1. Out of everything in segment 134-185 that is out of contact with any strand residue (DSSP E or B) (no Cβ under 7 Å at 6 or more places or on another chain) and of a type in the set (A, V, I, L, M, F, W, C), what residue ends up being farthest from the ligand (Cβ to nearest atom)?
2. Can you report the number of residues in segment 307-334 which are touching an Asp or Glu at 6+ places or on another chain (Cβ under 7 Å) and in contact (Cβ under 8 Å) with a residue 40 or more places away in the chain?
3. Does segment 1-31 hold any residues that are at pLDDT below 90 and of a type in the set (Ser, Thr, Tyr), and which are they?
4. Quick check: is even one residue across segment 423-444 aliphatic (A, V, I, L, M), within 18 Å of Arg215 (Cα to Cα) and within 16 Å of the ligand (Cβ to nearest atom)?
5. Can you find a residue that is away from the ligand (no atom under 16 Å from the Cβ), free of Cβ contacts under 8 Å to residues at least 40 places away in the same chain and touching a helix residue (DSSP H, G or I) at 6+ places or on another chain (Cβ under 9 Å) anywhere in segment 386-397?
6. Give me the strands (runs of 3 or more DSSP E) completely within segment 272-365, filtered to those with at least 1 residues that are of a type in the set (Gly, Ala, Ser), in contact with a strand residue (DSSP E or B) (Cβ under 6 Å, 6 or more places away or on another chain) and closer than 30 Å to Gln107 by Cα, ordered by residue number.
7. What helices (runs of 4 or more DSSP H), lying completely within segment 184-247, carry at least 3 residues that are at pLDDT 95 or above and out of contact with any helix residue (DSSP H, G or I) (no Cβ under 7 Å at 6 or more places or on another chain)?
Amino acid sequence: MDKAQILVASNRGPVSYSVDDAGALTHRRGGGGLVSGLSAAAEHGDTLWVCAALSDADRTAAAQAPEGRIDRTTDLGGLRVTMIDVPQDVFDNAYTGIANSTLWFVQHMLYETPSKPVFDAAFQRRWEDYRAYNAAFAEALLTGSADNARVAVQDYHLALLPRMLRGRRPDLRIAHFSHTPWAPPEYFRMLPTGVRREVLEGMLGADHLGFLSARWADAFLRCCAEFLRAEVDMVRRTVEYGGRIIGVGVHPLGADAEGLRQRVAEPDVAERAAALRERVGDRRLIVRVDRTELSKNIVRGLESYRELLRTRPEWHGRVTHLAFAYPSRTDVPEYREYTEEVRRLAKEIGDEFGTADWTPLILEVQDDFPRSLAAFTMADVLLVNPVRDGMNLVAKEGPTVSRDGCALVLSTEAGAADELSDDALMVNPYDVTETAEALHTALTMPEAERSARCARLVERASALPPERWFTDQLRALG
Ligand code: G6P
């Protein structure tokens, strides 16, 4: 078996399998910046992507492939894929119990109730499974890697992996990239002492740690200083720990402008744009597109739109809000409740303002990427208001494919704010009144100003396209 020089490890991989009507296994290439960046980078060297089998069809595909390795999937530019199959309960505890219900909540500072989180014996069992799941990745990577190979580990699902790899194979050069924010020590400290140590030490097993924004990188450095008493240089962004010096870098992933423009030119996008136009007529459009995640702040976004309609009746009948939400993590109860709250509020807004010939708000909770792209091309205003977000690529992708140049209303708490704040209308995501006002300002912005701002947004949004974003990290490994 060939050993790879470049390896990627992430929970969700670049392909997913399903069974078609005839009972045959078919696969679909995943979307998103990571897949396009890595597929392009894969052309430079022999690359193996290790990911988890997420469905029964994935497990079948993994079982059929020699050593679980699905070789040379052609539409991935020669990338090889290995799917890890851990027992279902181990996976559920690691992915849903720890990664999504604990680490995600901490990094996004989303615990809001007085009785959550709880760290008890059940949590400890889940934590053991999280370790086992990280260890399964380590095995596959150790088997598949050539001497001195470079390994790029992705995200909070795999925080323990860098240290596990280093312990067994000091020749490997290891990077870890966090796609989420990082919580400051004042918040991170809520994790049990042993767990926060294990997370930080696990990540410090890498040679290079990447973050999307200086804010998150600096918060991580402060956590290392506080909880590990590590020697931290906040200016050069390094951590000295266990006799090694670990570099911390800021790599603000940009939009894949070329890929998006090609995708937008395909007929299914035009079809959906025509269907949307039919529904909304020539009204002005406020668009938002999110996963139904608690961090995305959809509820306050809808409240802002309601406040706009309440305080500025001149917009009645003249504007439509398209809110497209992709169902996400329906295994986590908080996500299900949140989605219900979004639906309830959307109905209230429809009941309060809708008339026989005007639907003020169209909410669709469904995964339809071409329709989202169609909405981006048509948007007058794009609303991106997360309470906290590692980057938020919608803020970069929307303007990139906007036909006439949209105005962007953007939360100060998104990583993308670092690059886009000069030309977006910035809002405090908790402030519904300020967001409603920003929507009005955006809707009334003179066309020339709007398109000039949008052109500058696009330039900044595509400054670090996925391919370069990835090669920068590999380069940081030497
Ligand atoms: C968001 C986050 C990423 C994370 C991903 C996982 O996009 O920004 O940090 O890796 O979710 O999503 P999943 O659907 O695989 O849980």
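1. Leu142
2. Counting residues in segment 307-334 that are touching an Asp or Glu at 6+ places or on another chain (Cβ under 7 Å) and in contact (Cβ under 8 Å) with a residue 40 or more places away in the chain gives 4.
3. Ser16, Tyr17, Ser18, Thr26
4. Looking for residues that are aliphatic (A, V, I, L, M), within 18 Å of Arg215 (Cα to Cα) and within 16 Å of the ligand (Cβ to nearest atom), one finds none in segment 423-444, hence no.
5. No - not one qualifying residue is present in segment 386-397.
6. 319-326
7. Because the criterion is at least 3 residues that are at pLDDT 95 or above and out of contact with any helix residue (DSSP H, G or I) (no Cβ under 7 Å at 6 or more places or on another chain), the helices (runs of 4 or more DSSP H) in segment 184-247 that meet it are 193-203, 214-228.
For every residue, the table says whether it meets (1) closer than 20 Å to Val394 by Cα; (2) over 23 Å from the mean Cα position of the chain (by Cα).
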position: Leu439; (1), (2): yes, yes
position: Pro446; (1), (2): no, yes
position: Arg450; (1), (2): yes, yes
position: Ala455; (1), (2): yes, yes
position: Leu464; (1), (2): yes, no
position: Glu467; (1), (2): yes, no
position: Phe470; (1), (2): yes, no
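The values are calculated or read from the model by the stated rules, or taken from the named source; none is laboratory data. Being a predicted model, the structure only gives us computed values, none of them experimental. Don't worry about glycine lacking a Cβ; one is built from the backbone with ideal geometry, like all the others, and counts go over all protein chains shown.
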